[in-house]
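Notes to accompany the following structure.
The values are calculated or read from the model by the stated rules, or taken from the named source; none is laboratory data. Please read these numbers as outputs of a predicted model, since none were measured by experiment. So basically every Cβ, Gly included, is an ideal-geometry build from the backbone, and we count neighbours across all protein chains shown. In case anyone asks, the SASA skips ligands and DNA or RNA and just uses the protein heavy atoms, side chains included. Shrake-Rupley method; radii C 1.70, N 1.55, O 1.52, S 1.80 Å.
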Amino acid sequence: MKLHNAHKTCWNCPAAILKGNVDFRACGQSLEAIRRRIEREGLLIECARLPDLGHFEPTITFEECPEWRPTKYGYLLENMRVMILGIDGYLGWTLALKLGALGCEVSGVDCFLRRKMVRELGTDSVVPIYPMEERLKAAKEVLDIDIKFREINILDREKLGQFMREVQPEAIVHYGEIPSAPYSMIDCNHAIQVQYNNVIGTLGLLFLMKEICPESSLIKLGTLGEYGAPLTGRPLFEGLFPADAVLRWRGREWSLGGELTPRDPVSFYHVSKVQDTFNIYEACKYWWLRSYDVMQGVIYGVHTDEVAADPRLRTRLDVDEWFGTVVNRFVAQAILGMPLTVYGEGEQIRGFIALEDAMECMVRLISSPPEPGQYDVVNQVSGLHKVSELAETVARVAAEFGYDVKIQRVENPRVEADYHPFEVVSTKLPNELGFTPKVPLEVEIRRMFELLTQPHIVERIRKVAHLIRPRTWWSGEKKVVETLEVYRPGTRRRRGFKPRLITDRERFPVSKVEEVERAVEAIGGGEGGDGNKG
Amino acid sequence: MEIRDRDFDREVLKSELPVLVEFWGSWCPPCQKEKYILEKLREEYKGRMKIVTINVDRNPRAAYRYGIKCVPTYIIFHRGEAIHSDIAAKSEGQLREMIEEALKKIPNQL
Ligand SMILES: NC(=O)c1ccc[n+]([C@@H]2O[C@H](COP(=O)([O-])OP(=O)(O)OC[C@H]3O[C@@H](n4cnc5c(N)ncnc54)[C@H](O)[C@@H]3O)[C@@H](O)[C@H]2O)c1
């Protein structure tokens with residue numbers, strides 16, 4: 001049993017110096033000098049990590065290369081230099097600790113924009129989070145992880161470029177955007193702020209990568225909401241049409257394979273993500289950058305082993321109408337004794353994934369860089385759920401903790417279909433990257449209740465209770481939504497469409513996961529990433 | 001099946017069977033996807049037409065030699081001669097049509 005990335009070669013490796021050695025002619029980069037050399041000597045590259053190799057043929061696999069070490073998530077470069085943009089955020093901080101625990105050299109930037117926005121709106125993370133200095137100190141003390149942090153606004157290209165030059169990242173995870181749909185719908189200023197911050201930040205980053213680290217991979221966070229929910233019910237493919245998709249028109253046909261699928265973003269925030277998608281797609285084409293554009297489902301939860309190791313290491317969790325995501329909000333409402341607010345009919349279907357599973361996916365993506373110039377998309381979800389079903393699940397778990405929960409249907413402030421088909425294709429993570437979801441919805445919700453029912457956190461939830469019920473309408477109006485109906489869990493008849501998640505997982509059955517773990521042990525790898533190939 | 005510069009003579013030019021070569025680039029999403037269809041057709045045409053792919057950046061000699069200017073480019077070789085070439089990504093039906101057309105040009109094809 002081989003690890004998922006064993007067969008990848010120098011062509012995927014960020015340490016392979018391709019610039020100046022490879023003639024990417026068809027990208028319009030043909031260089032006569034390189035061409036002459038290749039004609040004379042063949043195609044040879046150099047390695048930034050192993051300069052003693054001199055010029056060599058780029059055919060070494062990850063399995064063969066001494067720099068790639070086995071871990072349970074696949075081979076990882078030893079002390080891989082990973083830079084996280086938006087490292088102070090919900091996901092950024094969690095990933096930083098996870099990567100640190102795996103032996104990566106983690107660096108990161110943040111300008112604390114999220115903390116500022118939250119403060120301005122009069123809300124706060126309900127899980128207390130510590131100032132960055134304390135976070136860094138605790139990471140060192142508790143987990144022995146050193147994180148190189150710089151307070152930088154991504155829009156400040158000069159400072160970001162300096163830091164990138166200093167670190168020479170081998171992978172960049174870009175979380176550093178404003179992540180909220182309702183925030184972008186508050187008014188014109190907020191819509192502009194979100195689009196400017198997200199789109200221009202990413203565009204500038206692409207130019208910097210071209211100059212400073214064209215061989216490193218960019219793992220950029222998009223969202224499943226980029227696709228919308230097409231009413232035809234056609235599947236939401238992984239960003240690009242599959243090979244066997246064809247367009248038929250007037251008796252003729254064309255292949256659609258590899259073309260970007262249509263996007264139908266559902267807010268001005270989601271539009272910023274679609275714009276990012278196009279910018280990244282183009283940059284890969286022009287400059288042979290490589291990227292995974294991650295169409296991530298809505299994240300829920302609070303747990304990874306690392307953030308749970310010490311209160312100072314906890315990551316943020318927001319439940320207000322702007323930054324709270326649905327499951328996180330429901331749990332807070334249950335604890336306050338507030339009926340859970342389902343918008344409209346509650347038959348809307350969305351893709352979800354637990355925090356811990358999402359972090360594993362990110363590590364796997366970092367471990368398996370795309371090929372030069374490859375723009376690839378993964379749909380990162382572990383389950384599709386109706387909003388009303390999520391409310392039922394939260395209510396069920398809440399009952400275990402002694403909470404008697406009701407559900408309320410409220411006016412839907414968003415412009416979205418209440419009933420719609422939803423079919424999502426997510427085959428790459430399970431089949432090509434060896435990922436199997438490990439955290440069932442109820443398990444994570446239980447963990448959330450365990451944490452959020454601690455008295456000091458209940459107190460914090462109470463302080464933001466008045467900001468949970470939405471008042472930001474997609475129409476631009478500002479008024480608190482009204483209740484349409486209150487009901488007891490389990491009493492409403494299910495209607496609407498059944499979601500469908502296509503994973504083709506039979507190609508990588510669950511039993512294989514254990515096999516992989518055994519294989520990693522056999523080659524001497526483990527969580528710490530310090531396995532030795534001898 | 002992916003071939004390399006150094007196998008080109010043996011796998012393509014000296015092949016008994018006619019060979020469809022797809023020249024592709026890793027930065028070309030339609031090429032990435034098309035590999036699946038080519039794999040399928042490879043099985044289907046076993047014994048009649050060999051189907052191989054070659055990455056233009058990793059195998060510059062073949063790409064220079066055949067003046068590949070865009071990907072995907074398809075060239076069908078028979079006894080060392082290019083008997084057909086075409087560009088732009090194709091559907092399975094179009095690929096099959098192209099192969100059948102080329103086979104017609106070859107005398108005594110089974
Ligand atoms: N949380 C989810 O459910 C979810 C779902 C899908 C996609 N995403 C995406 O994942 C990414 C991370 O989400 P999150 O929930 O961790 O959000 P977050 O707000 O907690 O984290 C983003 C971090 O980036 C920082 N940031 C934003 N703009 C910056 C700039 N110009 N310069 C420097 N730092 C900047 C913020 O201060 C914040 O700390 C976002 O791109 C988001 O759109 C999140």
What's the average, rounded to a whole number, of partner chain beta-carbon atoms within 10 Å of each residue's beta-carbon in A:33-45? 2
Using protein chains only and a probe of 1.4 angstrom, how many square angstrom of B:Lys104 are accessible, to the nearest 10? 150
Per the charge dipole of the protein assembly as shown (beta-carbon charges, Lys/Arg positive, Asp/Glu negative, Cα centre), the residue among A:Pro70, A:Gly351, B:Pro60 reaching farthest to the positive end is A:Gly351
Computed FRET value (nearest 0.05) for A:Gln454 with B:Leu13, which takes r as the C-beta separation and R₀ as 56 Å: 0.15
Can you list the equivalent-ellipsoid semi-axes of the stretch B:45-95, largest first and in whole Å, using the square root of 5 times each Cα gyration tensor eigenvalue? 19, 15, 11
Here, trypsin sites (Lys or Arg not before Pro) of the stretch A:242-349 satisfying both criteria (DSSP loop; at most 14 other Cβ within 10 Å) are A:Arg250
What are the radius of gyration and Dmax of the protein assembly as shown, computed over its Cα atoms and given in Å? 26.1, 85
For q values of 0.12, 0.18, 0.23 Å⁻¹, compute log₁₀ I(q)/I(0) with the Debye formula on a Cα-only model of the stretch A:154-212, without solvent. -0.34, -0.65, -0.88
Descending semi-axes in Å of the stretch A:1-68, equivalent ellipsoid built from Cα gyration tensor: 25, 13, 10
Over the stretch A:302-349, what relative contact order in percent results from Cα pairs under 8 Å that are six or more residues apart? 18
If you take the Cα Rg of the stretch A:317-390 and divide it by 2.2 N^0.38 Å, with N the number of residues, what do you get? 1.43
Along Cα→Cβ, 7 Å out, is where each label goes; now give me the distance between the ones at A:His7 and A:Val443 in nm to one decimal. 3.0
Principal axes of the stretch A:56-127: Cα extent on each, largest first, Å: 57, 24, 14
What is the set of long-range amide H partners of A:Asp146 at a cut-off below 5 Å, with H atoms built 1.01 Å from backbone N? none
Here the whole-number average of other chain Cβ atoms within 10 Å per Cβ of B:20-31 is 6
In the calculated pair distance distribution of chain B, what percentage of Cα-Cα distances lie above 19 Å? 37
For the pair A:Tyr419 and B:Lys40, what calculated FRET efficiency results from E = 1/(1 + (r/R0)^6), where r is the Cβ-Cβ distance and R0 = 51 Å, to the nearest 0.05? 0.85
Protein accessible area in chain B, 1.4 Å probe - carbon and sulfur %: 50
About its Cα centre, how strong a charge dipole does the stretch A:221-351 have in debye, to the nearest 20, once Lys and Arg get +1 and Asp and Glu get -1 at the Cβ? 300
Can you tell me the length gained on complete extension of the stretch A:Phe112 to A:Arg396, counting 0.36 nm per residue apart and subtracting the Cα distance? 98.6 nm
Summarise the partner chain shielding of A:372-378 as one whole number: the mean count of Cβ atoms from other chains within 10 Å of each residue's Cβ. 3
Length gained if B:Arg79 through B:Glu101 is fully extended, taking 0.36 nm per residue and subtracting the Cα-Cα distance, is 6.2 nm
Considering the convex hull of the alpha carbon atoms of the stretch B:7-49, report its projected area averaged over all viewing directions, in nm², one decimal. 3.3
Tell me the label-point distance for the pair B:Arg48, A:Arg462, using the 7 Å Cα-to-Cβ offset, in nm and rounded to one decimal. 7.8
If R₀ is 25 angstrom, what is the calculated FRET efficiency for the pair A:Leu231 and A:Arg500, using the beta carbon separation as r and rounding to 0.05? 0.95
Among DSSP beta bridges whose residues both lie in the stretch B:5-109, state the antiparallel percentage, nearest 5. 65
Using the Cα centre of the stretch A:79-522 as the reference point, and only Cβ charges (+1 on K/R, -1 on D/E), how large is the resulting charge dipole? Debye, rounded to the nearest 20. 1020
Check which residues have an amide H placed less than 5 Å from A:Gly383's amide H, if you skip close sequence neighbours. A:Phe352
Can you tell me, using C-alpha contacts under 8 Å and at least 6 residues apart, the relative contact order of the stretch A:1-68 as a whole percent? 41
Nearest 10 degrees, 0 to 90: what angle lies between the long axis of helix A:201-212 and the longest principal axis of chain A (Cα atoms)? 20
Can you tell me how much longer the chain between A:Trp254 and A:Leu44 gets when fully stretched, taken as 0.36 nm per residue apart minus their C-alpha distance, in nm with one decimal? 71.8 nm
Within the stretch B:20-57, list the trypsin sites (Lys or Arg not before Pro) lying in a DSSP loop whose Cβ has at most 12 other Cβ atoms in a 10 Å radius. B:Lys46
